[in-house]
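*Asks:* First the structure, then my questions, so here it is.
The values are calculated or read from the model by the stated rules, or taken from the named source; none is laboratory data. From a predicted model like this one, the values you see are computed outputs, not experimental measurements. Every residue, glycine as well, gets a Cβ built from its backbone with ideal geometry; the counts of neighbours run over all protein chains shown. Accessible surface is based on the protein model in full, side chains and every heavy atom, while ligands, DNA and RNA are left aside. Shrake-Rupley method; radii C 1.70, N 1.55, O 1.52, S 1.80 Å.
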Amino acid sequence: MSSTFHVRGGRPLSGEITVRGAKNLVSKAMVAALLGEQPSVLHSVPDIRDVQIVSELLSIHGVKIERDAESGTLHMDPSNVEKAHVADIDAHAGSSRIPILFCGPLLHRLGEAIIPDLGGCRIGDRPINYHLDVLRNFGAVVDKREMGIYITAPNGLKGTKIHLEYPSVGATEQVLLTAVRAQGVTELSNAAVEPEIEDLIAVLQKMGALISLQTDRTITIEGVDALSGYEHIAIPDRIEAASWACAALATKGSVFVRGAQQKPMSTFLNTFRKVGGGMDITPAGIRFYHPGTPLRAIAVETDVHPGLMTDWQQPLVVALTQADGISIVHETVYENRLGFTSALNDMGAHTQVYRECLGGSSCRFGHSNYNHSAVISGPKTLRAADITVPDLRGGFSYLIAALGAEGVSTIHGIDLIDRGYERFQHKLAQLGAECWEK
């Protein structure tokens, strides 16, 4: 992750790109294939680093993988699932959280699961323990050893009742992937209900799972003895689609995002229109464009679905630097997600972050020391800068800023963007951007 990318800004993006399956669904659907006793086929799989990581992890567990990156079709045959060495898991996983989600399926298939000790700087103890507590609820025994974390289910996994203090996507996925073959009924309350979660439920239902989703965020899963394979077309990536929409707005351009769907993006589309962005919604995709009139400042607050998705927030902030007036962003999902704004200020933006809840309501970070609200004054002319990518979504947001800035920006660590944005350099070229690697 040391590649350097140069971007000459000031040119409107114009043209068409395509988005394929959602990163946040595809990797989980791939893990779900472990639960089946027959092969599975997943379509519209993007050519991104996360897919490669999960493919490698499945392969070292004995799953036969056949992948056609061009067509986006992935065949997975779990007939010969086997144990993997923890060193191999560690080597292939890197900083990915995916090994944690392998635990439930591996306990069902092999009776044990081993994951590296993904603590400290890579994930942190609290998220790991949260997942481990979920597994313990099902009857799993967790043994932390020097080599990593060794998990067994000596009496099998049994259905349970779980209430999430916060509707976490990762925890909901863990419960789903574990409960579908557990003995008895599992009831999960205050679950995440994102479109990608609903699509994962659709995948599991195709495999023979019995899952019902109530309107009060309760998911009920009746465990079954065995599951088959599946064939599924992944839901399009609404995060990538929104990112290109914000890029069109920030560069005063026009981008047709083939594959973008209205329904899972409804909240974003409302926000995009309130800012003053233009859109044409068609069955084939959505065209996002700058209408040529001044953009409007707005106040927004991120939330779990059906609220404004936190992953939309960072690219939207870049677009808001070009809006007329003072915008307010209240981040309620991730406490440290506004740190990327300091680099935007270096480029000429005027953003200030606050510990207080500046949105319409107080949130769980309201009495903490986290800077989770931002005030953005605009419009401001952005200037080229030397930037280092901090994370996946922040990295693409910096790329958007560089595209809208005057001069040539240098972006370090651009490889991180490959984790979730398929062939983004090629897509930039399609849209007329002037970018090159060092």
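*Asks:* Once you place label points 7 Å from the Cα toward the Cβ at A284 and H350, how far apart are they in nm?
*Replies:* 4.3 nm
*Asks:* What's the local net charge at V169, with K and R +1, D and E -1, over the other residues with C-beta under 10 Å away?
*Replies:* Numbers: positive: K28; negative: E173, E194, E196.
Charge balance in the 10 Å sphere: -2.
*Asks:* Okay, next question. Could you do me a favour and compute the accessible area per residue for the chain, 1.4 Å probe, result in Å²?
*Replies:* I get 40 Å² per residue for the chain.
*Asks:* Rounded, prolate or oblate: which fits the stretch 298-438 when a ≥ b ≥ c are the square roots of the eigenvalues of the alpha-carbon gyration tensor, with rounded for a/c under 1.5 and prolate only if a/b beats b/c?
*Replies:* Verdict is prolate for the stretch 298-438.
*Asks:* Hey, can you rank 289-296, 417-424 by average C-beta count inside 10 Å, highest first? Before the final figure, lay out the partial values.
*Replies:* Details: 289-296: 15.4, 417-424: 22.4.
Per-residue mean Cβ counts within 10 Å order the peptides as 417-424, 289-296.
*Asks:* Under 5 Å between amide H atoms, partner at least 5 residues away or on a different chain: which partners does E434 have, H built in plane at 1.01 Å?
*Replies:* R8
*Asks:* Also, quick follow-up: For the chain, give the magnitude of the charge dipole about the Cα centre (Cβ charges: +1 Lys/Arg, -1 Asp/Glu; no others), in debye to the nearest 20.
*Replies:* Details: 39 positive and 48 negative charges, 175 e Å.
In total the dipole reaches around 840 debye.
*Asks:* A further question on this structure: Would you indicate which of [x] 4, 22, 33, 27, 11, 3, 0, 0; [y] 5, 21, 30, 26, 14, 4, 0; [z] 4, 19, 27, 21, 13, 7, 4, 2, 1, 1, 0, 0 is the value of P(r) over Cα pairs in 10 Å bins from 0, in percent derived from the coordinates of this structure?
*Replies:* [y]
*Asks:* Once you put a point 7 Å from the Cα of E222 and another 7 Å from the Cα of A91, both along the Cβ direction, what distance in nm separates them?
*Replies:* 4.5 nm
*Asks:* Still on this structure, please answer the following. Within the stretch 268-423, what percent of beta bridges assigned by DSSP are antiparallel, to the nearest 5?
*Replies:* Working: 15 of 25 bridges.
So the antiparallel bridges in the stretch 268-423 amount to around 60 percent.
*Asks:* Could you check which residue among A91, A242, A29 shows the biggest mean-square fluctuation in a GNM of the chain with a 10 Å Cα cutoff?
*Replies:* Comparing A91, A242, A29 in the GNM, the peak value goes to A91.
*Asks:* Consider a paramagnetic label point 7 Å from the Cα of A429 along Cα→Cβ; state which residues of the stretch 235-271 have an amide N under 15 Å from it.
*Replies:* Flagged as within label range: none.
*Asks:* Here's something else I'd like to know. Probe 1.4 Å, all protein chains in place: accessible area of K161 in Å², nearest 10?
*Replies:* Counting only protein heavy atoms, the figure is 150 Å².
*Asks:* Efficiency by 1/(1 + (r/R0)^6): what FRET value for R383 and N270, r their Cβ-Cβ distance, R0 = 35 Å, to the nearest 0.05?
*Replies:* On the way: r = 32 Å, r/R0 = 0.90.
Plugging the Cβ-Cβ distance into 1/(1 + (r/R0)^6) gives 0.65.
*Asks:* 222 nm [θ] for the chain, helices only, -39500 (n - 2.57) per DSSP H run of 4+, per residue, to 500?
*Replies:* -9000 deg cm²/dmol
*Asks:* Is the stretch 365-426 rounded, prolate or oblate when judged by the Cα gyration tensor, a ≥ b ≥ c being the square roots of its eigenvalues, rounded requiring a/c under 1.5 and prolate requiring a/b larger than b/c? Before the final figure, lay out each step's value.
*Replies:* Details: a/c = 2.39, a/b = 1.29, b/c = 1.85.
Judged from the Cα gyration tensor, the stretch 365-426 comes out oblate (a/c at least 1.5, b/c at or above a/b).
*Asks:* How would you classify the stretch 64-194 from its alpha-carbon gyration tensor, with a ≥ b ≥ c the square roots of the eigenvalues: rounded for a/c under 1.5, else prolate if a/b is greater than b/c, otherwise oblate?
*Replies:* rounded
*Asks:* Shifting gears a bit: Listed here are the pairs K28/K64; K23/K158; K252/K427; which of them are more than 22 Å apart at the Cα?
*Replies:* Those over the limit are K23/K158.
*Asks:* If R₀ is 30 angstrom, what is the calculated FRET efficiency for the pair M147 and T4, using the beta carbon separation as r and rounding to 0.05? Mind dumping the intermediate values first?
*Replies:* Values: r = 37 Å, r/R0 = 1.22.
About 0.25, to the nearest 0.05.
*Asks:* Another question, then. At 0.36 nm per residue, and after removing the present C-alpha to C-alpha distance, how many nm does the segment from V41 to T410 gain when stretched out fully?
*Replies:* Taking V41 through T410 to full extension adds about 128.8 nm, to one decimal.
*Asks:* Now a separate question. Compute, for the stretch 130-242, the length of the dipole vector about the Cα centre, with Cβ point charges of +1 (Lys, Arg) and -1 (Asp, Glu) only. Units Debye, rounded to 20.
*Replies:* 440 debye
*Asks:* Looking at the stretch 141-189, which GluC sites (Glu not before Pro) are in a loop (DSSP not H, G, I, E or B) and have at most 16 other Cβ atoms within 10 Å?
*Replies:* Here the sparse-neighbourhood loop sites are E146, E165.
*Asks:* Please give every one of the aspartates and glutamates within straight-line cross-link reach of K274, meaning a C-alpha to C-alpha distance under 16 Å, and leave out same-chain neighbours fewer than 8 residues apart.
*Replies:* E301, D324
*Asks:* Take every DSSP beta bridge whose two residues both sit in the chain, then give the antiparallel share in percent to the nearest 5. Could you put the intermediate results ahead of the total?
*Replies:* Working: 55 of 78 bridges.
Counting only bridges with both partners in the chain, antiparallel ones make up about 70 percent.
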